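Notes follow once the structure below has been shown.
The values are calculated or read from the model by the stated rules, or taken from the named source; none is laboratory data. What you see is a predicted model; the values in this text were computed from it and never measured. No Cβ is skipped: glycine too gets one built from the backbone with ideal geometry, and neighbour counts run over all protein chains shown.
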Amino acid sequence: MQTEVARTDTELVTNDTVREAVGLLQQGDVVALPTETVYGLGADALDPDAVEKIFKAKERPHFDPLIVHLPNKTAIEKVAEIPDEIAKPVRQLVETFWPGPLTIVLPRKPIVPDIVTGGLPTVAVRQCEHPIFHRIIRNFDGPIAAPSANLFGKISPTSAQAVLDQMSGRIPLVVDGGACARGLESTIVKIIPGENKPTIEVLRPGPITEVDLKKFGKVVFPQKNVDVEESAPEAPGMLANHYAPATPLRLMEKPEDFVPESGTRYALLSYRGQPKDGFIDLYPWDEVAVLSPGSGRVAEAGIRFFHVVGQLDQLNVDEIIAEPVPDRGVGKAILDKLRKAAVK
């Protein structure tokens, strides 16, 4: 299979690209689509045969559920049940954060195929805010299942070229919508009713942070990382091993933990490139890449994370050593991905 890249750099070209993408989706095929988080591999969420092509292209195990993207806010009622006891916080979250990088796990309706949910009684839903994705799903006029457009467990792509690096020859079309604005997958939450206020369980941290969510309920991080040999994940991105570059990666909590081995070539993934953090001058690194140069901002680090890790992965080094980032805001999402990518 030859993979085509369709541009969106002019209005006329974009119109043609949208028609081509929608046509493929309607035929039951898969298309790599830009979102505000990372590029997604989309297919008709209500067509099990089409969704099967996602799993085949990604080499993704069928127990790992997919996110269903909706064409509008009201479409949530087509695929999910909203229990009365959590209807108010669900409505508040939808009105506040959709379209945007927040995914909500809810009881599924029978119209959603088992293959989309991994056989679970729940479905993960969100509405994307990327303008190209929005035009495509609006014209398709139905829900689109779209996990990240990468091989299973590998680095998520934030550009069309990054999609091609992993998926060329596996899918018919990549829609090039430019670099992803957020750079990290959506925050995934589950809402649990409470006597005074609901509990918002963050199943996967992402761009919507604890500070953003806490006005709507008590926010908790249950740390439910799943070992595939023990049970199936409740939502995407919860597996203990995930987001990994081909080059082995280690997260160092403190500089003194690093003990270099003779003859090994090391690259450093630095948070802000500051010597006072103790890593830059610790060793004569073969390569250094910085997530947020200078004072360090976790939001910027999140946007650049997959891109920078991907760059280091292309170098001829033996191991990537990662500095810790602050465990706050988007930093929680970065740490979550570093820990899942790290050599166990």
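A few notes on this one:
- Residue in region 197-209 that is over 13 Å from the mean Cα position of the chain (by Cα), more than 20 Å from His307 (Cβ to Cβ) and at pLDDT below 95 present: yes
- Within region 71-92, if we keep just the residues that are in contact with a Gly (Cβ under 9 Å, 6 or more places away or on another chain) and surrounded by 19 or more Cβ atoms within 10 Å (Cβ to Cβ), the residue that is farthest from Asn150 (Cα to Cα) turns out to be Pro89.
- Any hit, region 88-99, residues being among the hydrophobic types (A, V, I, L, M, F, W, C), without any contact (Cβ under 8 Å) to a residue 60 or more places away in the chain and not assigned by TED's automatic domain parsing to the domain that holds Thr35: yes
Residues checked against (1) within 20 Å of Val30 (Cα to Cα); (2) not aliphatic (A, V, I, L, M):
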site	(1), (2)
Thr158	yes, yes
Ala162	yes, no
Met167	yes, no
Arg170	yes, yes
Val174	yes, no
Gly178	yes, yes
Arg182	no, yes
Thr187	no, yes
Ile191	no, no
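- Restricting the first member to region 1-26 and to residues that are part of a loop (DSSP other than H, G, I, E, B), and the second to residues that are among the basic types (Lys, Arg), the beta-carbon pairs closer than 8 Å and six or more apart or on different chains are Met1/Arg170; Thr3/Arg170.
- Scanning region 25-52 for residues that are surrounded by fewer than 19 Cβ atoms within 10 Å (Cβ to Cβ) and either among the small types (Gly, Ala, Ser) or touching a strand residue (DSSP E or B) at 6+ places or on another chain (Cβ under 6 Å) (or both) yields one hit, Gly28.
- Residue within region 132-150 that is under 19 Å from Val308 (Cα atoms) and either of a type in the set (D, E, K, R) or assigned to a loop (DSSP other than H, G, I, E, B) (or both) present: yes
- Taking the conditions (1) over 28 Å from Val163 (Cα atoms); (2) crowded, with 20+ Cβ neighbours inside 10 Å; (3) among the β-branched types (Val, Ile, Thr) in turn, Ile104 satisfies each one other than (1).
- Entirely in region 34-129, the strands (runs of 3 or more DSSP E) that have 1 or more residues that are in contact with a Cys (Cβ under 7 Å, 6 or more places away or on another chain) and under 18 Å from Ile188 (Cα atoms): 67-69
- Every pair of residues 6+ apart whose Cβ atoms lie under 9 Å, when the first sits in region 270-292 and is farther than 18 Å from Lys337 by Cβ while the second is surrounded by fewer than 15 Cβ atoms within 10 Å (Cβ to Cβ) and of a type in the set (Gly, Ala, Ser): Gly273/Gly294; Gln274/Gly294; Gln274/Ser295
- Looking at Val123, Val105, Val79, just one residue is among the β-branched types (Val, Ile, Thr), in contact (Cβ under 8 Å) with a residue 12 or more places away in the chain and in contact with a helix residue (DSSP H, G or I) (Cβ under 6 Å, 6 or more places away or on another chain), and that residue is Val123.
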